Structures are given as C-alpha cells and as structure tokens.
Amino acid sequence: MKNIKQKILIILATLSLVIGFFAVPAGVFAAVTVDEAIDSGTSKILSTGKLADDWQSLGVARSNTPASKEMRQARYNDIVAYLNQSDRLSATDFERTIIGVVSIGGDPTHIPEATTHKNLVEELYQSNAMNSGVNAIIYGLLALQTKEYAVPENANFSIQEMVDKLLSLQKADGGWALGGAVGDVDMTGMAITALAKYKDMPGVSTALDRSVAWLSSVQLKSGGFKGWSNENSNSLSQALMAITLTGNDPKGALFTKDSDMITALMTYRTADGGFKWLPTDTQSNGMALEQALYALTQYKFYLNGSGSIYDFVNNPVPQLIETPVEPDPSTEEPSSSAEPGTEDSDSSDSNSSDSNSSDSNSSDSNVSSEDSSTTTSISDGSDENTEETISDSEGSSNVEKNTTDSSGAGIIEDTDSSTTAPSKEADEEAVQNTSNNANSDNAKSLPSTGEANDYMFLSVLLGASMLLVGVFFLAKNKRKQNN
C-alpha cells in the first residue's frame, strides 16, 4: 500500500511539473496579440533613433506609431546623400527608393536636393526594368501602384506590359522563382503582392488562383513555409502578404494545417520585440523584423478592409513638406466699406462651402499636399545593386543566410502635385488612418490586449501553482522515503 501511494505521489508530481512547464510559456505567448507584436517591433526600430532603410520606413509608416517628422527628415537626407553619390542606379534601386521616399512622406517625382536623380519615377520608366529579371518587374509594379504617377512620353514600358511580362514568367506549378522551373515561396509571395491590384486585367485572376493554390499545397504543418531549403520567417511573411492581398484568410481552413500562418509567425518573436529568421535562432534578425512588421500591418489592413499597404492614395501618411493653401480671393473678408447684411452673409456662406470642399479633398491632399517635398529612398547604400541582392534584402526569404539589413526595394507613386491641401489636415488624417489599424483583432478571433493579459496572468498563475504542487509532492515523497 505504501508503494502504491508513493507511485501516485510521483505521478501527480510529474504531471504537475509538466503542466506547469508548458502553462507558463503558453501564457506568455498568448499575451502577444498582432497589435502588440506590431507595437513592440516598431518600438525596437524606433529605439535606434533612425530609419535604417526603405523597408523599415514602410513597416513603421504602416504601424500604429509612425516615425516623427525629424526622424523621417533624417531618412530623407540620407536618401538624398545616397542619390548624390550614385552615378548609375539599377531599376530595383529606383523602385525600392520610390517606396522608401513615399513611406516617409516625400515625393519621388520631385527631389530638388538631388544633383541628378530628381525624378525617380521618370527614371524608372526610362530604365531597363523589363529586361532586368523578375525582381525588377515585381518591385516596378509595387512602386508604380503606390500613387497615380504620370507616364512620361519616352517611357520604355507600361503597367500593362509589366503585368503581361510577370504573368509570362509564372511557373507550371503556379509559383514564381528567380530561376529554374519550380516556384519558390518568396518570389511567389512577392509576385502575388504585385499583381493583386491588377486582378481585373486579362489573365491575372486565373494566375492568382493558381499561385494561391500552390502556396496552400506547400505550406508546412507548422503553418509556416520553407525558402530554398529552410523553414523561416521571411518566407512566411512574404506568403502572408500575398494571402491577405488576395482576400484569403491566413487563419482560415485553406491556410491552416496543424497551425495557421499568424500563429506560426508569432512563434518567431523574440524577447526584445524583434523577429528571428530561423526557428532555431536565439536572437532577432533585422531583416526578419522588417518583413514580419510590414506583413503583420498588411494583415491588419486585411482585417480592417483597408486594402494594400502599398496604396498611399487611399492610405496616406504624414508628409514632410507643408503645402499651404492659397487663399481664394472670392472668399476673402469684404472690405470695411461693405454694407452690413449684404456681402458679409454671402461671403460667410461661400467660406463654409469652401471649407466643406476642402474637407472632402483632404484625403487626396494627404498624398499630394506634400508632394513637393523632397524624397529620399534607397537603402543606406546597399552594398550590391544586383537584382538578386535587392530581392533578398527585400525580404525574399529565399536567401539562406542571415544577411544584414541592406537596401530595401520599394516602389510608391506620389499623387499629382497640382493638388494641395493644408499639411496640418493631411498629417492629422494620415495619423488617424494609421491609428485605425490599431483596432483590436476582432474579426479573426484574436484576443484584445486586455483579454490577452488576463489570459497570460491566469496561465502563469496556473503554471506556477502546478509547479509548486509538483515540488511539494516530490519533497513529501522524499521525506517519507528518508523516514
């Protein structure tokens, strides 16, 4: 009988220790919502006091906490310096720089501080992007869909030609790749991201359906994806971009194996608020953080029905240059000699109508109001300008090594500079637009911050209690054995 009791005590102690061991980390993991992951990742980047490259600029611009004007201006100055020391730029250089410039509130079509590269969009259109590889086509489409840019008369290609070219590069399995006959997750995710806006063009919808089906077929049981050989967070981030932009739920049945995409991505979070590249890594990685950050913000855009993070027309950001509105002579205050009760009342009416019209145009002005601002982009000076390095730094998780955060490739168009509006209104609306992304993760059953913290507290309490129970039983059993 004594031996039976001892065995029962040992079993209870072991179960308590096991439950306690798993309950505590489970509680900590459950405490992190998508919003909290975005906030902690943004905080980690901003804590450095600078925006290091174009992809950081994009991720922070779409986060719940945009960078300060001072930090964005400093990034712009870095871009100008980069442009002024670069005699020759590749197509992808122009593309990622356009994205970076728009992300910080600049105008890539008007960079007066640059000695030669004053209009990045025009130079992109005049580049050899169509013959520079799949990377250049993907990022070219992304850059040019950021705003509604005018196409120069001497352009070497059109959007339609870029779309057709990218469609022609789709592999038989439904994916895209830098080379070879088999698709890879990173390039497929980026190609889908670039094509999603043009789903109504001939052949695009069918191509997207094939590629989404292929991504689902290669998804791992963990909910994640492999790059060329290793499962990693970069490939998962690029796939998440693609899935949400095609209107698919990354937590839905099509993309849930043993786990779903969002849960899988959150397992890459590190204690410092960053994200690691490989599941076995112990420290955060700068490139992994950049890609996870803008992928999670795209997921929030999906939940809120906000469209694409590359759309800076419908989703404007604070601008660098304040563009004051010229007063309309017809609405000026009448002279003191005016008869009371005559022109005063008319003028007041016209003022109110003008004010309404100004409000209705405020969203457009958010994009264009500071178009005249200079724009800087391109990485701090990416060590390599080859198309492949750019795609890798972009977040093409195809790279099987932890490269440093080099250049980012980006593309974004600025609105027509002829439209102007008060910069203060533009900034306020842009900030409000960004803050809307901080809504709780309601639609997809993700706990709000408060619920998550409550759950964490209960889980940790349960885990600690079970650990104490286990220790108590083991100690009690040991005393009995000694007696």
Descending principal axes extents, region 173-319, alpha-carbon based, whole Å: 46, 43, 30
Area accessible to solvent at L320, 1.4 Å probe radius, in Å²: 10
Quick one: accessible surface of F94, probe radius 1.4 Å, all protein chains present, in square angstrom to the nearest 10. 10
Roughly how many nanometres apart are two label points built 7 Å out from the Cα toward the Cβ at K199 and N230? 3.4
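Kindly sort R72, R269, R210 by accessible area of their heavy atoms, largest first, with the probe set to 1.4 Å. Display every interim value, and only then the final one.
Numbers: R72 20, R269 60, R210 95 Å².
Largest accessible area first, the list is R210, R269, R72.
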Under-5 Å amide H pairs with Q145, H placed in peptide plane, nonlocal only: E413
Multiply the residue separation of D281 and R88 by 0.36 nm, subtract the distance between their alpha-carbon atoms, and state the gained length in nm to one decimal. 65.8 nm
The extension gain from T48 to L220, computed as 0.36 nm times the residue separation minus the Cα-Cα distance, is 58.4 nm
Spin-label point model (7 Å from Cα, Cβ direction): what's the N131 to A150 distance in nm? 2.8
Once phi is turned into ³J(HN,Hα) by the Karplus curve 6.51 cos²θ - 1.76 cosθ + 1.60 with θ = phi - 60°, what whole-Hz value does each residue of region 150-156 show in order, with x for glycine and proline? 6, 8, x, 4, 9, 5, 8
With all protein chains modelled, accessible area of S68 [1.4 Å, Å²]: 60
Could you tell me the calculated FRET efficiency between V182 and E113, based on Cβ-Cβ distance and R0 = 41 angstrom, to the nearest 0.05? 0.35
Using 0.36 nm times the number of residues separating A172 and D209, minus their current alpha carbon distance, what extension gain do you get? 12.0 nm
Expressed as a whole-number percentage, the relative contact order of region 129-229 with C-alpha contacts under 8 angstrom and at least six residues apart is 24
The size of the Cβ-based charge dipole (Lys, Arg +1; Asp, Glu -1) of region 132-204 about the Cα centre, to the nearest 20 debye, is 80
Point-to-point label distance, D258-K69, nm (Cα→Cβ direction, 7 Å offset): 5.2
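The values are calculated or read from the model by the stated rules, or taken from the named source; none is laboratory data. Remember, predicted model here, so these are calculated numbers, not experimental data. Because the Cβ atoms are built from the backbone with ideal geometry, glycine has one as well, and the counts that use them run over all protein chains shown. Each accessible area value is taken on the protein alone, full model and side chains, heavy atoms only, with ligands, DNA and RNA left out. Shrake-Rupley method; radii C 1.70, N 1.55, O 1.52, S 1.80 Å.
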